[in-house]
1. Take every Cα-Cα pair in the stretch 80-217 and report what % of them are more than 24 Å apart.
2. Jot down the radius of gyration and Dmax of the chain, Cα atoms only, both in angstrom.
3. For the stretch 134-253, with every protein chain kept in place, what is the accessible area per residue (1.4 Å probe, Å²)?
4. Enumerate the lysines that LYS131 could reach by cross-link, defined here as Cα to Cα under 29 Å, with residues fewer than 8 away along the same chain left out.
5. Expressed in nm², what is the orientationally averaged projection area of the convex hull enclosing the Cα positions of the stretch 164-205?
6. So if the hydrodynamic radius of the stretch 2-143 is defined as the Kirkwood radius over C-alpha pairs, what does Stokes-Einstein give as its diffusion coefficient at 20 °C and 1.002 mPa s, in µm² per second?
7. Report, in whole Å, the centroid distance computed from the Cα atoms of the stretch 78-97 and the stretch 117-134.
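The values are calculated or read from the model by the stated rules, or taken from the named source; none is laboratory data. This is a predicted model, so every value here is computed, not measured. Protein only, heavy atoms only, side chains kept; ligands, DNA and RNA dropped before computing areas. Shrake-Rupley method; radii C 1.70, N 1.55, O 1.52, S 1.80 Å.
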Amino acid sequence: MLHSARQHLSVLHATAPAPVGGLESVVCALAAGQARAGHDVQVVASLSPAGPEHPFVETLRSNGVEVQVTELPGRAYRRERTLIGTWLDQMRPDVVHTHGYRSDVLIGSLARRKDIATVTTVHGFTGGDWKNRLYERIQRRMYRRFDAVVAVSAPLHRELRAAGVPDRGLHVVQNAWTPAAPRLDRRQARETLTLPDTGFVVGWVARMTPEKGGELLLRAMAKLDDLPLTVSVIGDGPELAELRRAADRLGIG
């Protein structure tokens, strides 16, 4: 059973992070906040080997959160499971909180076998090709076995309920936002974003991946080319170059 939120807890968060994104921001905010509240918090980050220090790991450590890094080839699941199983035996956390398909399936099931309470935050589904959709179907079935499942929005809550996740452990906790810098006034913000001093502005901030709908925004803006408006698109990701090409094709580059 899960302990009362008033008690001191030992929490292990687990994920296979991208360099940056909503999931990574939520894990950083949760882990740092729990550590400030006096709980024992660690994060297991499953990374592919090589490359510079991961920004997700750097952010956590700068906030005083201990991070255990597994650097293994992408499909070395058995080795990863053995390594994380050793850490679970050593730490014996009260709660294992997983984020994302790989951690939900691999680490969530391992924690339950060791009689550790399991929580997952469901950050959304991306769809895509048949293989990814199959993974997501397996993931939804796994949620039925968690002690608690957190959806980050009401529509996602409804989707999980329809997928058979029991109501008793299903919760909605919307993503929070932690300001990283002082808020700018209107004039300063427009100057920083090199926007006109006046006029209607549409802002879009996201990781540039297909499920975020960047091309849909561009197609909509192309139909409004007779209106005095500016679109400010902020983000990065694998679709950046394609979105720039799409903007050029639509004549709104």
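1. 49
2. 20.6, 64
3. Dividing the accessible area of the stretch 134-253 by its residue count gives 71 Å².
4. LYS212
5. The orientation-averaged projected area of the Cα hull of the stretch 164-205 comes to 5.6 nm².
6. D, rounded to a whole number, is 138 µm²/s.
7. Between the Cα centre of the stretch 78-97 and that of the stretch 117-134, the gap is 22 Å.
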